[in-house]
Amino acid sequence: MKKPPPVSEFVRFPITAGVAMLALFVTVLDASGRSIQPLVMNVRAFEGEPWRLVTSALPHANALHLVFNIAWLWVLGTMLEERFGSFRLLGLVLLFAAGSAAAEYAAFVGGIGLSGVVYGLFGLAWVLDRADARMRGTVDARSTQLFIVWFFFCIATTVFDVLPVANVAHGVGALLGVLMGLVITGGLRVARRRASVRAGAGLGVLLVVAASGAGATVLRPRVNVSKDGGGDSARLAYEAFDAGNFDEAISRYEKALEVSPKSATFWYNLGIAYARKGKLDDATRAYTQAVALAPENTGMKRTLVDTKRSRADAAQADGKHDEAIRLYEEVLALDGDDAFSLYSLSRTYEELGRHEEAGRLRARAVALHVDPGNGPAEPSFDVDAGIERDAGP
């Protein structure tokens, strides 16, 4: 493998050196506790903040992650910048960063680090080493083996839940690099075939980029396999909720649930947001989904019961007796015999002239040591119960 130039010559390689220094700066900034949220990958990348597709490559998880990526960025980037010039290398870096970030977000969640870019540069250099006489010796067998072994090692650490790695970004970055290498060289020494190879590889690049973009947007609910796929939308919903923007909170919870429909927390928080808007019917439906997914969560169940009881009281006050009866019965089915609900239901039956049924219900209330003449004091409850902060399902 060709020996890279000394770091002291960084001024000759403004893109390679610039990207490395930006990555170092952003990683140190993050480690110091400063917020880098405007740079990380999340759903806002497709809501008018497309730079996130590229800037998410700058922060790194730790020093080892940063050093590994910057070292290989320098080895590969300097050779390619010298071969193609700074402007073209910048275009390639942007392509590899955005394409790999979108693909990773489509299948899992937003990743961080330059690994997708580095794998893209490696894939490009690997093709050039074989098809461009000026680039002979760019990538040797040991380097190729290292990248392949590392690729599968990272998959293993993710599968066995040792360390989550952006493996899709690695793979898509490498694929884009190989395809761009074929676009540039034609991949074959037979001149008459190079045009068709270039055209096919160019089409491949477009298809990979289009698939990554579609997967990260309209197809994400179908292709995402992460248990926290909707987490970024949910976190933005929390921010909107805290700011009192309940309409935005509802919209973002619904988007989160498109990707993570089995998250009891997301359903519950959607219900809270609906309740704050006074939409108790919608809140009840959301709470019901949450309780169905997490029946052991007594807090969620309590909120559902209290909301149904509140709606039943309102229906009774409005003379909607059938609706009140249905809701009180649902409360009793969920919560067992509850003196207040039994008494309220008996009162509804009395208003309908169904005295025998009302009497039986009042007797059950009496058995719970409640004075049916005055009725129990209404229990204290809050249909807007505290919002769940866990972003996971």
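For this structure, a couple of remarks:
- In the range 268-303, the qualifying residues are those that are aromatic (Phe, Trp, Tyr) and without any contact (Cβ under 8 Å) to a residue 40 or more places away in the chain, and the one that is surrounded by the most Cβ atoms within 10 Å (Cβ to Cβ) is Tyr287.
- Being out of contact with any Pro (no Cβ under 8 Å at 6 or more places or on another chain), outside the structural domain of Arg252 (by TED's automatic domain parsing) and either in contact (Cβ under 8 Å) with a residue 24 or more places away in the chain or not in a helix (DSSP H, G or I) (or both) is a description that applies to Ala57.
- The range 279-298, subset part of a helix (DSSP H, G or I) and closer than 16 Å to Gly336 by Cα, residue farthest from the chain's Cα centre (by Cα): Thr298
- Ile15 being within 23 Å of the chain's Cα centre (by Cα) and hydrophobic (A, V, I, L, M, F, W, C): no
- Residue ID - nearest to Gly187 (Cα to Cα), chosen from residues in the range 107-121 that are surrounded by fewer than 24 Cβ atoms within 10 Å (Cβ to Cβ) and among the hydrophobic types (A, V, I, L, M, F, W, C): Ala107
- Selection from the range 4-26 of residues that are among the hydrophobic types (A, V, I, L, M, F, W, C) and surrounded by 14 or more Cβ atoms within 10 Å (Cβ to Cβ): Phe10, Phe13, Ile15, Ala17, Val19, Ala20, Leu22, Ala23, Leu24, Val26
- Residues that are closer than 26 Å to Tyr268 by Cβ, free of Cβ contacts under 8 Å to residues at least 60 places away in the same chain and either assigned to a helix (DSSP H, G or I) or touching a His at 6+ places or on another chain (Cβ under 8 Å) (or both), drawn from the range 201-247: Pro221, Arg222, Ala237, Glu239, Ala240, Asp242, Phe246, Asp247
- The single residue among Thr348, Thr265, Thr307 that is in a helix (DSSP H, G or I), under 17 Å from Ala249 (Cβ atoms) and of a type in the set (S, T, N, Q) turns out to be Thr265.
The values are calculated or read from the model by the stated rules, or taken from the named source; none is laboratory data. Given the structure is predicted, the values throughout are model-derived calculations rather than measurements. With ideal geometry, Cβ positions are generated from the backbone for all residues, glycine too; neighbour counts draw on all protein chains shown.
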